[in-house]
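Shown next, in structure tokens, is the structure this report addresses.
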Amino acid sequence: MSEQLLTSSIAAPGFMGVNTQDSSVALESGYATIASNCVIDKFGRIGARKGWLPKHSSNADLSTANVKSIGELIAADGTSYIVAAGNNKLFKLSGSTLSVLTYGGGGVAPTISNDRWQMAPLNGILYLYQEGHDPLIFDPAVSATTFRRVSEKTGYLGTVQSSNCVVSAYGRTWSASTSTDKNTIQFSDLLSGFVLNTGSSGSLNVAQVWPAGADEIQGLAAHNNYLYIFGRRQILIYQGANDPTNMSLADTVSGIGCCARDTIKVTGDDIIFLSDTGVMSMKRVVQERSAPLRDISANVRDDLVAAVNIETLADIKAGYSTNNAFYILTLPVSGITYCFDLRSTLPNGAARATTWTLVPRALFSNRAKELLLGFAGFVGYYTGHLDNTSTYRMSYYTNYFDLGSPQLLRS
């Protein structure tokens, strides 16, 4: 017996990204259950991610150690200096040459026992902070081949904290979280990150400000004249940060904080970070005051949280690429990178997610809008479709399609 023909269109299958959170029985056809080594392209389709190429030849001082931190300084004359950390050393990337930075101070060289530096440029100087280490500077106006302690900078005043986190914002450096004090933020004088006890420099202790009891500062961010102070379980938002003497508490968030310093990224109109419950967006808090944060990882939440729980939190890195409009989060122990497309959000507020088997140990977007990546023995950049010289496997698997007739029986 002849039957009526059914016409159905399958456009851009899997374009809503991976969804491992909802049952596949009730999953919309636009979702994928697997999207490995994929991105969402500018047309909203699943596509292969790019690969990477090294920016330089091999370096004996770095050897095969992982590059774990990357930063950039733009000098007054417009010169870009890329600084990277690996093998308990600091390096400068100039063109296609990676060279080690040597100690240029006048005393005994500082002991460097890890490569988890956070870097902040200010007024022609790059500041480097890491808990348990002397804060360092790279000052190419003095020497483009050496580094020194902050305390060895000509004009240094005060006592610099050996902080774990630092940002440069509103014309000064802000640092916090030492091995003995997790609640004091030290800010420098205007345009002088090495002047810490005169002018408009000072400190802010937030131990009594946390709305839900004691917490510890995990990271800092600045956006739209606000200073964001991320605790592990709470967030403080200070307004008027361009004038610290008149800065005041504008808002607080309880129950959500940041669990990994290097996952905090300012994306232009938003701040994204990793919490104990997933990847969060601050945008709604900024716009609507005290509204719930947006969970952009809602569609992969349980898998993501399970993976984060086995990681060393200090080794979790994140990057934001304006050219590719994605936020990527690397989990080295699990061997997985989550990529969240930020061009648009899904109806539940989540970002479209895919996964990669490429897991850089450092991420940084430079002035040239290149996404720089840290690997064993190399600083690389995101380009092409080979991982250096190796191929990779892209795979994706969509949910089933019922072709518009989920209950139709045929004999």
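Accessible surface area normalised per residue over the chain is 44 Å², counting heavy atoms of protein chains with a 1.4 Å rolling probe.
Evaluating 6.51 cos²θ - 1.76 cosθ + 1.60 at θ = phi - 60° for every residue in the range 156-161, the Karplus couplings come out as 4, 9, x, 10, 7, 6 Hz, glycine and proline recorded as x. If you plug the beta carbon distance of THR154 and TYR397 into 1/(1 + (r/R0)^6) with R0 = 41 Å, you get a FRET efficiency near 0.10.
Taking only the Cα atoms of the range 185-251, the radius of gyration and Dmax are 12.1, 35 Å. Out of every Cα-Cα pair that the range 23-176 contains, those further apart than 18 angstrom amount to 64 percent. Kirkwood hydrodynamic radius computed over the range 316-391 comes to 13.1 Å, based on all pairs of distinct alpha carbons. Cross-link reach is defined here as a Cα-Cα straight distance under 18 Å, omitting same-chain residues fewer than 8 places apart; for LYS265 the aspartates and glutamates meeting it are GLU72, ASP276, ASP295, ASP315, ASP341, GLU370. For the range 158-294, the Cα-based Rg and Dmax, in that order, read 14.0, 41 Å.
The aspartates and glutamates whose alpha-carbon is closer than 18 Å to the alpha-carbon of LYS153, local same-chain residues fewer than 8 away aside, are ASP134, ASP139, ASP189.
Among ASN183, ASN59, ASN19, which one shows the biggest mean-square fluctuation in a GNM of the chain, springs joining Cα atoms closer than 10 Å? It is ASN59.
From the largest down, the range 136-176 spans 27, 20, 18 angstrom on the principal axes of its Cα atoms. Ignoring the sites themselves, what is the longest stretch of the chain with no chymotrypsin sites (Phe, Trp or Tyr not before Pro) in a DSSP loop and at most 12 other beta-carbon atoms within 10 Å? The segment 44-399 is the longest one with no such site. Placing unit charges on the Cβ atoms of the charged side chains and taking the dipole of the range 36-126 about its Cα centre, the candidate lying farthest along the positive direction among GLY47, THR97, THR111 is GLY47. Counting protein heavy atoms only, the range 15-153 has 48 percent of its accessible area on carbon and sulfur, 1.4 angstrom probe.
For the chain, modelled as a GNM whose springs connect Cα atoms under 10 angstrom apart, the maximal fluctuation among THR146, THR154, THR267 occurs at THR154.
When N counts the residues of the range 110-214, how does its alpha-carbon radius of gyration compare numerically with 2.2 N^0.38 Å, as a ratio? Walk me through the numbers before you get to the answer.
Details: Rg = 13.7 Å, N = 105, 2.2 N^0.38 = 12.9 Å.
Output field value: 1.06.
Counting Cα-Cα pairs of the range 220-364 in 5 Å increments starting at 0 gives whole-percent bin shares of 2, 10, 20, 24, 20, 14, 7, 3, 1, 0.
Please find, in a Gaussian network model of the chain (springs between Cα atoms separated by less than 10 Å), the residue of LEU27, LEU274, LEU372 whose mean-square fluctuation is greatest. Highest fluctuation among the options: LEU27. Within 10 Å, at most 13 other Cβ atoms, and a DSSP state outside H, G, I, E, B define an exposed site. Report the longest part of the chain free of exposed trypsin sites (Lys or Arg not before Pro). The answer is 43-288.
Hey, what D do you get for the range 160-215 in µm²/s if you plug the Kirkwood alpha-carbon radius into Stokes-Einstein at 37 °C and 0.692 mPa s?
On the way: Rh = 11.7 Å.
So the translational diffusion coefficient is about 282 µm²/s.
With the charge dipole of the chain set up from +1 on Lys and Arg Cβ and -1 on Asp and Glu Cβ about the Cα centre, the Cα lying farthest toward the positive end among the listed residues CYS38, TYR327, PRO244 is that of CYS38.
Note on ASP77/VAL305: beta-carbon distance plugged into 1/(1 + (r/R0)^6) with R0 of 56 Å gives a FRET efficiency of 0.75.
Taking a straight Cα-Cα cut-off under 14 Å and skipping sequence neighbours fewer than 8 places away in the same chain, the aspartates and glutamates within cross-link reach of LYS182 are GLU131, ASP215, GLU216. For the chain, taking Cα atoms only, Rg and Dmax work out to 23.2, 94 Å respectively.
Computed from label points 7 Å out along Cα-Cβ, the spacing between GLN239 and ASP251 is 1.0 nm.
Take the chain, mark every one of the GluC sites (Glu not before Pro) that falls in a DSSP loop and has at most 11 other Cβ within 10 Å, then report the longest stretch left between them, sites excluded.
Values: sites that count: GLU3, GLU28.
Here the longest segment lacking exposed loop sites spans 29-411.
Does the range 95-142 come out rounded, prolate or oblate, given a ≥ b ≥ c as the square roots of the eigenvalues of its C-alpha gyration tensor, rounded meaning a/c under 1.5 and, failing that, prolate meaning a/b above b/c? Rounded.
Only lysine pairs 8 or more places apart, or on different chains, with alpha-carbon atoms under 17 angstrom apart are counted in the range 10-146, and they number 5.
The values are calculated or read from the model by the stated rules, or taken from the named source; none is laboratory data. Because the structure is a prediction, the values reported are computed rather than measured. Counting neighbours? That spans all protein chains shown, and the Cβs are built from the backbone with ideal geometry, glycine included. Heavy atoms of the whole protein, side chains included, go into the accessibility calculation; ligands, DNA and RNA do not. Shrake-Rupley method; radii C 1.70, N 1.55, O 1.52, S 1.80 Å.
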